[in-house]
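The values are calculated or read from the model by the stated rules, or taken from the named source; none is laboratory data. Because the structure is predicted, anything quoted here is derived from the model rather than measured. Using ideal geometry, Cβ is built from the backbone for each residue, glycine included, and neighbour counts are taken over all protein chains shown.
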Amino acid sequence: MNSKRPSSPSAVSLRAAGYRATPQRQAILQVLEASDRPLNVEEILSRMEGNRSGIPTVYRNLQQFAEQGWIESIVLTDNTMRFVRCSSSTHHHHILCEQCGRMVELEGCGIQKAVTAMASRSGFQITRHQIQLFGLCPECQAKARPPV
């Protein structure tokens, strides 16, 4: 489990990926970097201090960041698309606390044998998968336990 986030892509990284290092792009990444919860576009906009931008611009940048693997989009039970910063450049999953909303990135996958077996049984060539895990974080578990 890795709950630490690397620093946001620098202006150099943005340029190396073919993007201009605009204040809006840097602000979006900083907002996501500072959050341990997935955020929707309105929440991202409200946290962008001094670098206000329009919703279409934010969505466009989020799409570009997802293509680079810097963020992921997640749809939760309220059917609202939210975005979370990813620290891993390899395949991984996330686990979300159903009580407080905190999200943690889980390194690795561990289900490749099951995916291969499903492909064999179904005849499909499986190109990708996405798993959403839900539970209670250690802090919320501790709050839920009655005192001894």
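Anything in segment 107-127 that is farther than 24 Å from ARG37 by Cα and not small (Gly, Ala, Ser)? List them, or say none.
Residues satisfying the conditions are ILE111, GLN112, LYS113, VAL115, THR116, MET118, ARG121, PHE124, GLN125, ILE126, THR127.
PHE124 - would you say it is among the aromatic types (Phe, Trp, Tyr) and over 23 Å from VAL41 (Cα atoms)?
Working: among the aromatic types (Phe, Trp, Tyr): yes; over 23 Å from VAL41 (Cα atoms): yes.
Yes; evaluated as a whole, the condition is true for this residue.
Kindly indicate whether any position in segment 73-88 is touching a Gly at 6+ places or on another chain (Cβ under 9 Å), over 14 Å from GLN132 (Cα atoms) and not aliphatic (A, V, I, L, M).
Among the residues of segment 73-88, at least one is touching a Gly at 6+ places or on another chain (Cβ under 9 Å), over 14 Å from GLN132 (Cα atoms) and not aliphatic (A, V, I, L, M), which makes the answer yes.
Right, GLN141: closer than 19 Å to ARG37 by Cβ, among the polar types (S, T, N, Q) and at pLDDT 90 or above or not?
yes
Could you check segment 106-125 and list, in sequence order, the residues that are outside any helix (DSSP H, G or I) and surrounded by 11 or more Cβ atoms within 10 Å (Cβ to Cβ)? Step through it out loud before you land on a result.
Let us first name the residues in segment 106-125 that are outside any helix (DSSP H, G or I), namely 106-111, 123-125.
Within segment 106-125, LEU106, GLU107, GLY108, CYS109, ILE111 meet the criteria.
Name the single residue, out of those in segment 73-118 being among the acidic types (Asp, Glu) and more than 16 Å from GLU43 (Cα to Cα), that is modelled with the highest pLDDT.
Going residue by residue through segment 73-118, those that are among the acidic types (Asp, Glu) are 78, 98, 105, 107.
Retained after the next criterion (residues that are more than 16 Å from GLU43 (Cα to Cα)): 98, 105, 107.
On the way: GLU98: 92, GLU105: 87, GLU107: 83.
Restricting to residues being among the acidic types (Asp, Glu) and more than 16 Å from GLU43 (Cα to Cα), the top hit is GLU98.
Report the residue count in segment 40-54 for those that are at pLDDT below 90 and assigned to a helix (DSSP H, G or I).
0
Are any of the residues in segment 37-44 free of Cβ contacts under 8 Å to residues at least 40 places away in the same chain, surrounded by 15 or more Cβ atoms within 10 Å (Cβ to Cβ) and of a type outside the set (Val, Ile, Thr)?
yes
Contact list please: Cβ distance under 7 Å, first residue in segment 101-116 and without any contact (Cβ under 8 Å) to a residue 40 or more places away in the chain, second residue surrounded by 14 or more Cβ atoms within 10 Å (Cβ to Cβ) and assigned to a helix (DSSP H, G or I), pairs at least six apart or on different chains.
The qualifying pairs do not exist here.
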